[in-house]
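Remarks on the structure that follows.
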Amino acid sequence: QVQLVESGGGLVQPGGSLRLSCAASGSIFSIYYMGWYRQAPGKQRELVARINSGGTTNYADSVKGRFTISSMNAKNTFYLQMNSLKPEDTAVYYCYADGTRGYWGQGAQVTVSS
């Protein structure tokens, strides 16, 4: 079992930055893939960014050049750095980890508004 706890969401003005954190505990040795997804009201959950155990990253076209995913550090935490935020980035953001099965964080609200 793996537990994921997110933090770092909030309200930010357009053009601002936020960093989301996802702290993992439990059977973290099994994790080989980590990612961030988001779900806006009335829309399906979509992939934002992902990274595998080899460090290969993939980003949604809408966030390329603005968001950066990091792999798990010594504190068993991985991050999503979000810069140049836009109102259309407003959503609930979920971290995800895949090991023997998939695990989700509880979600963090990110609101981009002036």
query: Once the Cα gyration tensor of segment 23-62 is found, what semi-axes does its equivalent ellipsoid get, as square roots of 5 times the eigenvalues, in whole Å, sorted largest first?
result: 23, 14, 6
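Over segment 52-114, calculate the relative contact order: mean separation of alpha carbon pairs under 8 Å at least 6 apart, over the residue count, as a percent.
24 percent
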Formal net charge of residues neighbouring Ala23 (Cβ-Cβ distance under 12 Å; K, R +1; D, E -1): 0
query: HN-Hα J couplings of segment 95-110 from phi, Karplus 6.51/-1.76/1.60, θ = phi - 60°, integer Hz, Gly and Pro as x?
result: 8, 9, 9, 10, x, 6, 7, x, 10, 10, x, 7, x, 9, 6, 10
message: Cut-off under 20 Å on the C-alpha distance; same-chain residues fewer than 8 positions from Lys75 excluded. Which aspartates and glutamates are left, in chain and number order?
response: Glu6, Asp98
- prompt: Hey, which lysines would be in cross-link range of Lys86, C-alpha to C-alpha under 29 Å, not counting anything within fewer than 8 residues on its own chain?
  reply: Lys43, Lys64
- request: Could you let me know the centre-to-centre spacing of segment 13-56 and segment 74-114, using Cα atoms, in angstrom?
  value: 5 Å
query: How high is the relative contact order of segment 1-65, given as a whole-number percent (alpha carbon pairs under 8 Å, six or more residues apart)?
result: 22 percent
Relative contact order computed over the chain (Cα-Cα under 8 Å; 6+ residues apart), in percent: 37 percent
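Each value in this text was obtained by applying a stated rule to the coordinates, not by laboratory testing. Quick caveat: nothing in here was measured; it's all calculated off a predicted structure. Reconstructed Cβ throughout: ideal geometry from the backbone, glycine too, with neighbour counts over all protein chains shown.
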